[in-house]
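Have a look at the structure below before the remarks.
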Amino acid sequence: MKKVLILGAAGRDFHNFNVVFRNNPEFHVVAFTATQIPDIDGRRYPAELAGHLYPNGIPIREEQVEAVVFSYSDVAYPTLMHVASRAVAAGADFWLLGVERTQLVAKVPVISVCAVRTGCGKSPVSRRIASELRTMGWNPVVVRHPMPYGDLAAQRAQRYGSLADLDRYQCTIEEREEYEPHIIEGTTVYAGVDYEDILRQAESEGDVILWDGGNNDTSFYRPDLDIVVLDPHRPGHELAYYPGEVNFRTAHVLIINKVDTADPDGVKTVRQNIALHNPRARVIETACKVTIADSEVVRGKHVLVVEDGPTLTHGEMPYGAGVVAANRYNAASLVDPRPFAVGSIQKTFEKFPHLWRVLPAMGYSDRQRHELEETIKRVPCDLVMVATPIDLARTIEVDKPCVRVRYEVQEIGKPAITQMLEEFTQAHKPALAGAGR
């Protein structure tokens, strides 16, 4: 029996265990590690999820092992190989699990939306696809990449059909950012820990499963239509980060997003890489359309921009849609929040020194949400521009004038997203008709 350590960040690691190791007597998983996400260490993978081979569950800590299974996403290749070298130097094998071993097969058609980096714009693409499918008369159900940062047993398989479910399940800001926009548009969302259990529930409810990916991870379900989003603001990253390059090479459709704000040379580089490494993929170019309700409230103001947290941290972007909106609508200045940051927010700035005129909306725990709220209170500004996918005022108190920045994808030229989905539904019409409920 081979002793295995799974390196992860509360998501892909649990899925890899569930589908490859859970009931496999050839291996003994001695521990998970907690990586990337703050405040999730010190837990156990509970016995009710671990299966009969692990009656006491599995600790989340370091152990002496024979094999290390790498199971988290959006990692630069030098970092990946440094981790691999440490494992091999310690005497262990180093494993990357392939999609054939880790993708579950659904009984209904699956559309996956993944990316080559965090912050490419998967979420607005997913929402657009869900909306188009409903317009065509289908009932899509979204399955979101996992973010189980609380009680793992309680989060085994969760269904979000209303905004009240967000409170009932005590969702973090990061979870709300992904679930709330779908719910508001009338789409049911599933997420949790056990994605086979989730799959069986979702396929009994929807005509189409829409996999809404996280970071640049690969889909947990085998897709019939594999859509991957690229960001020309980071040209070349599609070939430099794991497992984003896996997505890039296997995609049926590649969406080059943000072409309206990217350097044309960046778009050119991305297109050249597509021609070299995935020339059979259909290519769609989209703009990331940034809007606010009243542009005049921004003009001449000294603003604090609050951006989507993972885009700035895991995704390493120096700014997001909020800065684009502040510049477009003539803000007088962007106020630097760093001198006013407290607690874990201050530590976030220390860990990610490329951030300076933006505040990442970090909210993985009640304590961190309080520290985000306190940081905003301390920043001297005329206006807070919130460019997170949710209304931040639902989760924290914002004591200053506040405006929301919204962003949606908009096709540039053809082939368009609508045309792509029409072809997909036509090709899968018998399956969709059989699944219709």
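Of all residues in the stretch 248-261, those satisfying the criterion of being out of contact with any Asp or Glu (no Cβ under 8 Å at 6 or more places or on another chain) and at pLDDT 95 or above are R249, L254.
Yes/no matrix, rows are residues, columns are (1) open to solvent by less than 30 Å² (accessible area, probe 1.4 Å); (2) over 30 Å from R282 (Cβ atoms); (3) at pLDDT 90 or above:
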{"residue": "N327", "(1), (2), (3)": "no, yes, yes"}
{"residue": "A332", "(1), (2), (3)": "no, yes, yes"}
{"residue": "F349", "(1), (2), (3)": "yes, yes, yes"}
{"residue": "L355", "(1), (2), (3)": "yes, yes, yes"}
{"residue": "H370", "(1), (2), (3)": "no, yes, yes"}
{"residue": "T395", "(1), (2), (3)": "no, yes, no"}
{"residue": "A431", "(1), (2), (3)": "no, no, no"}
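Evaluation of G91 against the conditions (1) open to solvent by 50 Å² or more (accessible area, probe 1.4 Å); (2) not in a loop (DSSP other than H, G, I, E, B) shows that the sole unmet condition is (2). The helices (runs of 4 or more DSSP H) found wholly in the stretch 97-181 and carrying at least 2 residues that are surrounded by fewer than 24 Cβ atoms within 10 Å (Cβ to Cβ), under 19 Å from the mean Cα position of the chain (by Cα) and at pLDDT 90 or above occupy 99-102, 122-135.
Scanning the stretch 139-178 for residues that are under 17 Å from T118 (Cβ atoms) and not charged (D, E, K, R) yields H145, P146, M147, Y149, T172, I173. So, in the stretch 207-243, exactly how many residues are under 30 Å from A326 (Cα atoms), in contact with a helix residue (DSSP H, G or I) (Cβ under 6 Å, 6 or more places away or on another chain) and outside any loop (DSSP other than H, G, I, E, B)? Number of matching residues: 5.
Looking at E196, E180, which one is of a type in the set (D, E) and closer than 18 Å to A154 by Cα?
E196
Take the conditions part of a strand (DSSP E or B), among the polar types (S, T, N, Q), closer than 28 Å to Y72 by Cβ and touching a residue at least 40 places away in the same chain (Cβ under 8 Å) and apply them to T311. Does it pass? Against the criterion (part of a strand (DSSP E or B), among the polar types (S, T, N, Q), closer than 28 Å to Y72 by Cβ and touching a residue at least 40 places away in the same chain (Cβ under 8 Å)), T311 does not qualify. Scanning the stretch 268-291 for residues that are open to solvent by 10 Å² or more (accessible area, probe 1.4 Å), under 30 Å from L199 (Cα atoms), of a type in the set (K, R) and at pLDDT 95 or above turns up at least one hit. Could you please give the count of residues in the stretch 13-34 that are open to solvent by 20 Å² or more (accessible area, probe 1.4 Å) and of a type in the set (G, A, S)? Result for the stretch 13-34: 1.
The set of residues from the stretch 182-193 being crowded, with 23+ Cβ neighbours inside 10 Å and either farther than 28 Å from A50 by Cβ or within 13 Å of the chain's Cα centre (by Cα) (or both) comprises H182, T187, A191.
The values are calculated or read from the model by the stated rules, or taken from the named source; none is laboratory data. As the structure is a computational prediction, the values presented were derived from the model and not from experiment. Neighbour counts are summed over all protein chains in view; Cβ atoms, including those assigned to glycine, are modelled from backbone coordinates with ideal geometry. Note: areas computed on protein heavy atoms with side chains; ligands, DNA, RNA excluded. Shrake-Rupley method; radii C 1.70, N 1.55, O 1.52, S 1.80 Å.
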